[in-house]
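Worksheet: the structure to be examined is printed underneath.
Every number in this text was worked out from the coordinates using simple rules, so none of it is lab data. Every value quoted in this text rests on a predicted model; they were computed, and no experiment measured them. Please note: Cβ atoms are built from the backbone with ideal geometry, for glycine as well, and neighbour counts cover all protein chains shown.
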Amino acid sequence: MKKYIAEFIGTMTLVVLGCGTAMLVGCDAAAGSGYLLTALAFGLTIVAMAYSIGNISGCHINPAVSLGVLMSGGMEVKEFCGYVVSQCLGALAGSGILALIFKLGGVTDKTGGFGSNGLGGVNESAIAGLLVEIVLTFIFVIAILGVTSKKAAHGSFGGLVIGLTLVVVHILGIGLTGTSVNPARSLGPAIAAAIGGKTDALACVWVFIVGPLVGAALAAVVYKALENSKK
C-alpha cells in the first residue's frame with residue numbers, strides 16, 4: 001500500500017508542477033521561455049520525486065514506465081495494476097488541485113485545457129501524434145531501464161539522468177503533441193478539461209494512452225534483447 005500511496009503522490013505532484021507551469025506560462029514555441037520552463041518543470045519534478053519516493057515505489061509515476069518494468073521482469077501483474085490505478089488517481093487529483101487554484105485565484109489557463117495534450121502541432125494527424133509519442137516514450141523508457149539496471153554505473157545520479165531525459169523529450173515534443181509519454185498525465189488533465197467545458201478534450205486522448213504504452217513495450221523488448229545479447 002505504501003508503494004501505491006507514493007505513486008499517487010508522485011503523479012499528483014508531476015501534474016501540479018508540470019501541467020501547472022504550462023497553464024501559467026504557456027507553451028508557445030515562438031515565445032520560447034514558457035516552452036523551456038514547461039520542459040524543465042516536468043523534468044525537475046521527476047528528479048525531485050526520484051530522490052524522495054524512489055526508495056519506496058521506484059518512482060514510476062507513469063503507467064508506461066510501469067509497463068516497461070513489468071515486461072522487464074521487475075514487477076508482478078497485480079502490482080502493475082495497483083501502480084496504474086494509483087497513478088491515474090494521482091493525475092486526477094493533481095488536475096483537481098489545479099482547477100481549484102486557477103478558478104479561485106482567477107488565473108488564466110494559457111493552455112486552455114489544464115495542460116492536456118493535443119494534435120495541433122502535427123496538424124491534427126493522429127498517426128503522426130502516435131509516432132511522436134511512441135518514439136519519445138521509447139527513448140525515455142529505455143533510458144530508465146538502462147539507468148535502473150543493476151549493472152548501471154551511475155552512482156547516485158540515476159534520478160538526475162531520468163529527469164534530464166524527460167526535459168529533452170519535452171523540448172522536442174511540446175511543439176508537436178504537448179509531450180505525453182505518460183498516459184496518466186494525459187488522462188487527468190483531459191478529464192478535468194472536459195468537466196470544465198472543453199467538449200473535445202477527450203477526443204484524441206487515446207493517442208496519448210496507446211502511443212506511450214507501445215513505446216514503452218518496444219523499449220522493454222529492445223533493452224531486454226540488448227542485455228541478453230551482451231550476456
- Item | Backbone HN-Hα couplings from phi across segment 131-143 [Karplus 6.51/-1.76/1.60, Hz, Gly and Pro as x] | 4, 4, 5, 5, 5, 5, 5, 4, 4, 5, 6, 5, 5
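Given contacts defined as C-alpha pairs under 8 Å and at least six residues apart, what's the relative contact order of the chain, whole-number percent?
Relative contact order, the chain: 30 percent.
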- Query: Total Lys pairs in the chain closer than 18 Å by alpha-carbon, pairs eight or more apart in sequence or interchain only?
  - Reply: 10
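Counting each DSSP H run of 4 or more residues in the chain as -39500 (n - 2.57), what helix-only mean residue ellipticity at 222 nm follows after dividing by all residues, to the nearest 500 deg cm²/dmol?
On the way: 10 runs with 158 residues, N = 231.
Result for the chain, helices only: -22500 deg cm²/dmol.
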- Task: Round to the nearest 10 and give me the degree value, 0 to 90, for the angle of helix 207-230's Cα axis relative to the longest principal axis of the chain.
- Result: 20
- Task: Over segment 37-137, calculate the relative contact order: mean separation of alpha carbon pairs under 8 Å at least 6 apart, over the residue count, as a percent.
- Result: 14
- Sites ILE5 and LYS224, calculated FRET efficiency, Cβ-Cβ separation with R0 22 Å, nearest 0.05: 0.15
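Once the Cβ-Cβ distance between TYR51 and ALA126 is put in as r, and R0 is 35 Å, what FRET efficiency do you end up with, to the nearest 0.05?
Numbers: r = 37 Å, r/R0 = 1.05.
Efficiency, from the Cβ-Cβ distance: 0.45.
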